[in-house]
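The structure under discussion appears below in the form of structure tokens.
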């Protein structure tokens, strides 16, 4: 059976609304994606670092309770697990403040078994940070060698804008490893100063990867998939918007779920039709809309895609 392997940071998000804490949920961009997949009974393995503390124990238990294999979580004695404060504005969008300690960087990565057509998902600053890059690069190299399908979530935050030039080489490596790139309009404005999906695709990503899924929040999605496939999609209506914190991460989970549901293997990507993409992106939009209706960063338990 095909599995999904993710690598990234794990953090406890404390949610602040009107100056008061209203909840605390385990988070982290790729972590959220993996939890949504685990809740959909998709075999999910996650690589991350945690401290040997109460927060780390809570997060690992949460992973197991939600169907995410924690075998490859590195637990570090005398280190604290990361925590963030997520401040929700009147539109339920979040601004973050992070509290974290560095984990050891000089270590040999311990990697799971990767087989052909498994899906590997990675992204965010974790995939660019010199401290975590060796583990990410090792997994990506193994995934490419074994013929896995690689999904890259750019997810570049404004607080790293000053580092963009310095990180260009690593970013380009990530784009080249990817079989599918998913990025938001905000990501590409920060990186390239571009606000048009076609310009981003033609000028920045198509040379490295022929498939770009460009998300614009409530304004929908633009797909550029090569072979003449270019589509626009409207976001699904959300009856009761509670939080957008995990929407993009759940979109990634839905994208991967769609690839698995419709039996899309790496060799199939060049031959996908517009109708095929409609089904895959439809899953992604449904995942995102569901997640916006709760304070959790993932789809509801029992969620189903029609």
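Each row is one residue, and each column tells you yes or no for (1) assigned to a helix (DSSP H, G or I); (2) surrounded by fewer than 19 Cβ atoms within 10 Å (Cβ to Cβ); (3) on the phi < 0 side of the Ramachandran plot.
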site: 32; (1), (2), (3): yes, no, yes
site: 38; (1), (2), (3): yes, no, yes
site: 42; (1), (2), (3): no, no, yes
site: 46; (1), (2), (3): no, no, yes
site: 50; (1), (2), (3): no, no, yes
site: 58; (1), (2), (3): yes, yes, yes
site: 62; (1), (2), (3): yes, yes, yes
site: 85; (1), (2), (3): no, yes, yes
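Does any residue of region 8-16 turn out to be out of contact with any strand residue (DSSP E or B) (no Cβ under 7 Å at 6 or more places or on another chain) and outside any strand (DSSP E or B)?
Taking every residue of region 8-16 in turn, none turns out to be out of contact with any strand residue (DSSP E or B) (no Cβ under 7 Å at 6 or more places or on another chain) and outside any strand (DSSP E or B).
Being in contact with a helix residue (DSSP H, G or I) (Cβ under 6 Å, 6 or more places away or on another chain) and either loosely packed, with under 14 Cβ neighbours inside 10 Å or farther than 14 Å from residue 153 by Cα (or both) is the filter here; which residues of region 196-215 pass it?
200, 204, 208, listed by residue number.
Looking only at region 128-140, how many residues end up being assigned to a helix (DSSP H, G or I), more than 17 Å from residue 45 (Cβ to Cβ) and either touching a helix residue (DSSP H, G or I) at 6+ places or on another chain (Cβ under 9 Å) or in contact (Cβ under 8 Å) with a residue 60 or more places away in the chain (or both)?
2
Exactly one of (1) crowded, with 16+ Cβ neighbours inside 10 Å; (2) under 23 Å from residue 253 (Cβ atoms); (3) in contact with a strand residue (DSSP E or B) (Cβ under 9 Å, 6 or more places away or on another chain) is unmet by residue 125. Its number?
(3)
Which one of 68, 25, 83, 58 is within 18 Å of the chain's Cα centre (by Cα) and in contact (Cβ under 8 Å) with a residue 40 or more places away in the chain?
On inspection, the qualifying residue turns out to be 25.
Somewhere in region 95-109, is a residue in a helix (DSSP H, G or I) and either surrounded by 13 or more Cβ atoms within 10 Å (Cβ to Cβ) or modelled with pLDDT of 95 or more (or both)?
No, region 95-109 contains no residue that is in a helix (DSSP H, G or I) and either surrounded by 13 or more Cβ atoms within 10 Å (Cβ to Cβ) or modelled with pLDDT of 95 or more (or both).
Taking residue 158 as meeting all but one of (1) buried (at least 17 other Cβ atoms within 10 Å of the Cβ); (2) more than 18 Å from residue 104 (Cβ to Cβ), write down the number of the exception.
Failed condition: (1).
The values are calculated or read from the model by the stated rules, or taken from the named source; none is laboratory data. This is a predicted model, so every value here is computed, not measured. Don't worry about glycine lacking a Cβ; one is built from the backbone with ideal geometry, like all the others, and counts go over all protein chains shown.
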